[in-house]
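Encoded as structure tokens, the structure appears first; notes follow it.
The values are calculated or read from the model by the stated rules, or taken from the named source; none is laboratory data. This one's a predicted model, so the numbers in the text were calculated from it and none came from an experiment. Backbone-built Cβ (ideal geometry, glycine too); neighbour counts: all protein chains shown.
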Amino acid sequence: MGRHIAVIAPALPSHFHALEALACELIGRGHRVTFLHQADAVRWLRDPRIGFQALGEVSHPPGSLDKTLRLAASPGGLLGLRRLIQDMGRTTDMLCREAPRVLEGLGIDALLCDQMEAAGGLLGEALGLPYVSVACALPINREPGLPLPVMPMTLRDDPRSRRVYAGSERVYDDLMTPHRRVVARHAAGFGLPAREGLHECLSPYAQISQTVSGFDFPRRGLPEHFHHVGPLRGVAERESALEIPVARDRPLVFVSLGTLQGHRFPLFRRIARACRRLEVQSLLVHCGGLDRAQERALEREGATWVRDFVPQHAALARANVVVSHGGLNTVMDALLAHTPLLVLPLAFDQPGAAARVVHAGVGLKASARFAGTRALSDRLETLLSGSRFAHPLARLSDEIRAAGGTSRAADIVEDVVDAPRPLPRRSLATGYDS
């Protein structure tokens, strides 16, 4: 029997795309799937079979998302970061206030909840709905002795490192105070046990991650219902072809800084110059962040091709090295394709992804801000000529292929949705004074 499943996630394209792949798999099995968010977020849903319910007409009106995305792409220091966290809190507040009535009106049977949006877990528990947490970015599950995924630390098992990790966790929690207060307020309003962190809003039924265990730092405290399934991708993404005449006798460097960071022209220019210094082919993808004049300028600096979008799976399959900001979608796709990485982290969990790339032995990292042309070309040369990356890449690629991906994730969701629940559903349609 088909179920109606709602998706609650941050309005970020990479998160929507991963969850869209899972939604399409569930729809193919006879379920209905509806995303809930502010009206602007519908732009990232490409499959017309997926439903969308707009919320936040007053607090998040059409046109407001672009401002948030610009801030997320370039916070501009501590003050901008605080504004971004406050905006994150406003979104969680909006979803907690408006979603209960909508979920009940739609007859929702279960929730898919991105780990990075606390409202999902709060609503699932408050309404008595089965819900699954999905880590589209690095998992936020905390463990003593491990740095948070937003931190750039290398993993070390010694007293000083553990103190550093604990101190950085306190700094992070302090920065997140505006959002933590929102979570605590709605948990109390829903009549739930006290909580305030994102990591305290995860599903007790099933948690799914786009990573595999061999890529993450060694974990000892993950719950039994945590599942590494690998990348969540659709069939069309896996089967698209690369329509670029790449020469087979010269290495290809594929460069992508993701959807939010594709405007960083000076960084693209340094990378293009580094590729020219090595006399390799380079394909730079900016995801619509650059204009035509900037594209031509990068070509003059040494880029072989500059495009807004290309089929990433096909590009990575052909590339000899990928230069990335460290977004998890690109990292996992590169690992699947046996392609070593040079990671230039810019924001969010990207410093943690870079640390894990180095820890796993599948690539190198460099500073997006300070690494010059010479430093970038030296690292690229190491990646192009270094055989030491081959075995770790093969091991992780095999692990990803065996993890099950989108199909296994859908199996897990169906198991949770179909399992009997001891708690009756609650109605929050009348709301509470938030």
Practice task
Would you check if there is a residue in the range 124-132 being surrounded by fewer than 18 Cβ atoms within 10 Å (Cβ to Cβ) and not hydroxyl-bearing (Ser, Thr, Tyr)?
Solution key: yes
Fill in the blank from the handout: From the option list ALA72, ALA9, single residue qualifying as in contact with a Leu (Cβ under 9 Å, 6 or more places away or on another chain) and surrounded by 23 or more Cβ atoms within 10 Å (Cβ to Cβ) is ALA9
Practice task
Looking only at the range 155-169, decide whether some residue is in contact (Cβ under 8 Å) with a residue 40 or more places away in the chain, crowded, with 22+ Cβ neighbours inside 10 Å and outside any helix (DSSP H, G or I).
Solution key: no
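Residue-by-condition table, conditions (1) of a type in the set (A, V, I, L, M, F, W, C); (2) surrounded by fewer than 21 Cβ atoms within 10 Å (Cβ to Cβ); (3) in contact with a Pro (Cβ under 9 Å, 6 or more places away or on another chain); (4) in the same structural domain as LEU342 (by TED's automatic domain parsing):
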position	(1), (2), (3), (4)
PRO266	no, yes, no, yes
ALA274	yes, no, no, yes
VAL280	yes, yes, yes, yes
ARG292	no, yes, no, yes
GLU295	no, yes, no, yes
GLU299	no, yes, no, yes
VAL306	yes, no, no, yes
Practice task
Go through the range 132-169 and give me each residue that's touching a Phe, Trp or Tyr at 6+ places or on another chain (Cβ under 7 Å) and farther than 17 Å from ALA355 by Cβ.
Solution key: VAL132
Problem - Residues of the range 248-268 that turn out to be over 21 Å from ARG70 (Cβ atoms) and either among the small types (Gly, Ala, Ser) or at pLDDT 95 or above (or both), as a count - result: 5
Practice task
Could you please tell me which pairs satisfy a Cβ distance under 9 Å, a separation of 6+ or placement on different chains, a first residue in the range 392-403 that is among the polar types (S, T, N, Q), and a second residue that is surrounded by 16 or more Cβ atoms within 10 Å (Cβ to Cβ) and part of a helix (DSSP H, G or I)?
Solution key: SER397/LEU335; SER397/LEU336
Exercise for the section: For VAL212, state whether it is in the same structural domain as VAL362 (by TED's automatic domain parsing) and either buried (at least 18 other Cβ atoms within 10 Å of the Cβ) or β-branched (Val, Ile, Thr) (or both). Expected result: no
Practice task
Could you list all residues from the range 176-193 that are surrounded by 15 or more Cβ atoms within 10 Å (Cβ to Cβ), outside any helix (DSSP H, G or I) and of a type outside the set (A, V, I, L, M)?
Solution key: PHE190
Problem - LEU155 being over 30 Å from SER407 (Cβ atoms), among the hydrophobic types (A, V, I, L, M, F, W, C) and under 22 Å from the mean Cα position of the chain (by Cα) - result: yes
Exercise for the section: From (1) more than 30 Å from ASP109 (Cβ to Cβ); (2) out of contact with any Pro (no Cβ under 9 Å at 6 or more places or on another chain); (3) of a type outside the set (Lys, Arg), pick out the condition that doesn't hold for LEU383. Expected result: (2)
Practice task
Output yes when any residue across the range 91-100 is crowded, with 16+ Cβ neighbours inside 10 Å, out of contact with any His (no Cβ under 9 Å at 6 or more places or on another chain), farther than 28 Å from ARG356 by Cα and acidic (Asp, Glu), and no when none is.
Solution key: yes
Exercise for the section: Answer yes or no as to whether GLY107 is out of contact with any Ser or Thr (no Cβ under 8 Å at 6 or more places or on another chain), modelled with pLDDT of 95 or more, farther than 20 Å from HIS60 by Cβ and outside the structural domain of ASP333 (by TED's automatic domain parsing). Expected result: yes
Handout entry: Residue among SER74, SER59 that is small (Gly, Ala, Ser) and under 19 Å from GLU98 (Cβ atoms)
Key = SER59
Completion exercise
Considering residues that are more than 18 Å from PRO266 (Cβ to Cβ) and aliphatic (A, V, I, L, M), the number found within the range 344-379 is 8
Exercise for the section: Working only within the range 225-261, note down all residues that are in contact with a His (Cβ under 7 Å, 6 or more places away or on another chain) and in a loop (DSSP other than H, G, I, E, B). Expected result: SER240, LEU257, GLY258, GLN261
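For (1) in the same structural domain as CYS113 (by TED's automatic domain parsing); (2) part of a loop (DSSP other than H, G, I, E, B); (3) basic (Lys, Arg), each residue gets a yes or a no:
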{"position": "ALA347", "(1), (2), (3)": "no, yes, no"}
{"position": "ALA354", "(1), (2), (3)": "no, no, no"}
{"position": "VAL358", "(1), (2), (3)": "no, no, no"}
{"position": "PHE370", "(1), (2), (3)": "no, yes, no"}
{"position": "LEU376", "(1), (2), (3)": "no, no, no"}
{"position": "THR382", "(1), (2), (3)": "no, no, no"}
{"position": "PHE389", "(1), (2), (3)": "no, no, no"}
{"position": "PRO392", "(1), (2), (3)": "no, no, no"}
{"position": "ALA409", "(1), (2), (3)": "yes, no, no"}
Problem - Single unsatisfied condition, ALA394 versus (1) surrounded by 15 or more Cβ atoms within 10 Å (Cβ to Cβ); (2) modelled with pLDDT of 95 or more; (3) hydrophobic (A, V, I, L, M, F, W, C) - result: (1)
